[in-house]
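A short write-up of the structure that comes next.
The values are calculated or read from the model by the stated rules, or taken from the named source; none is laboratory data. Predicted model, so just to flag it, every value in this text is computed and none were measured. All Cβ positions, glycine included, derive from the backbone under ideal geometry; neighbour counts span all protein chains shown.
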Amino acid sequence: MPPVILTVSDLAKTYVSDEIFKGVSFQIAEREHVALVGVNGAGKSTILRIIARIEHSNAGSIVRAGGLRVTYLPQEARFSSDRTVHEETRLAFELVLLAGQRMREIEHEMASAGEQQLESGLRAVQGAERLLYLGLELRAIEHGNRVAGLHGAAHVHVQLVDAARGAR
């Protein structure tokens, strides 16, 4: 069974005298897919903002696994930038790009290495590959476009890149 990465216990939220929700409890395990479903005004977005530490609950507790980062992407687009899609993507995946550069350096070193050095180099390349798989694919978006001019799904994809960067 995968480890639990998020536990929400007995969460409650009120605004002045309006009770939004109470007694909300759930767990999310690593690699688990989750849907939060409810009528308008039920508090779905509020629960997500509380989990992302944007808002506070009136009661309950939230336990996050060490190293877990939660980012809230609002339903309505609030992301604006004068940078191009390409520039935003490069900022978001700077570490991934550095890993790719390091992987190429390791490959050059391996070309003239002995067997023991090759094994060590192979392990380093595999580690760098894992980082490269973290990148988002934005092939459908013209990378020279200004983010401010994007709409719909294209704008949401760039918001996801920004959320991955954790800048806002």
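Points to keep in mind about this one:
Listed here are the residues, each with its yes/no results for (1) closer than 30 Å to Ala148 by Cα; (2) touching a strand residue (DSSP E or B) at 6+ places or on another chain (Cβ under 6 Å); (3) basic (Lys, Arg); (4) assigned by TED's automatic domain parsing to the domain that holds Arg146.
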position: Asp10; (1), (2), (3), (4): no, yes, no, no
position: Glu19; (1), (2), (3), (4): no, no, no, no
position: Val24; (1), (2), (3), (4): no, yes, no, no
position: Ala99; (1), (2), (3), (4): yes, no, no, yes
position: Glu107; (1), (2), (3), (4): no, no, no, yes
position: Gln116; (1), (2), (3), (4): no, no, no, yes
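- Filter pass, Arg49 being of a type in the set (Lys, Arg) and at positive phi: no
- Count - residues of the stretch 18-44 that are within 17 Å of the chain's Cα centre (by Cα) and either assigned to a helix (DSSP H, G or I) or hydrophobic (A, V, I, L, M, F, W, C) (or both): 4
Residue-wise test of (1) closer than 30 Å to Lys13 by Cα; (2) exposed (fewer than 14 other Cβ atoms within 10 Å of the Cβ); (3) in contact with a helix residue (DSSP H, G or I) (Cβ under 9 Å, 6 or more places away or on another chain); (4) in contact (Cβ under 8 Å) with a residue 12 or more places away in the chain.
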{"residue": "Ile62", "(1), (2), (3), (4)": "yes, no, yes, yes"}
{"residue": "Tyr72", "(1), (2), (3), (4)": "yes, no, yes, yes"}
{"residue": "Glu76", "(1), (2), (3), (4)": "yes, yes, no, no"}
{"residue": "Thr84", "(1), (2), (3), (4)": "no, no, yes, yes"}
{"residue": "Thr89", "(1), (2), (3), (4)": "no, no, yes, yes"}
{"residue": "Arg102", "(1), (2), (3), (4)": "no, no, yes, yes"}
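- Residue in the stretch 1-9 that is over 21 Å from the mean Cα position of the chain (by Cα) and not basic (Lys, Arg) present: yes
- For Ser25: the one exception among (1) at positive phi; (2) modelled with pLDDT of 95 or more: (1)
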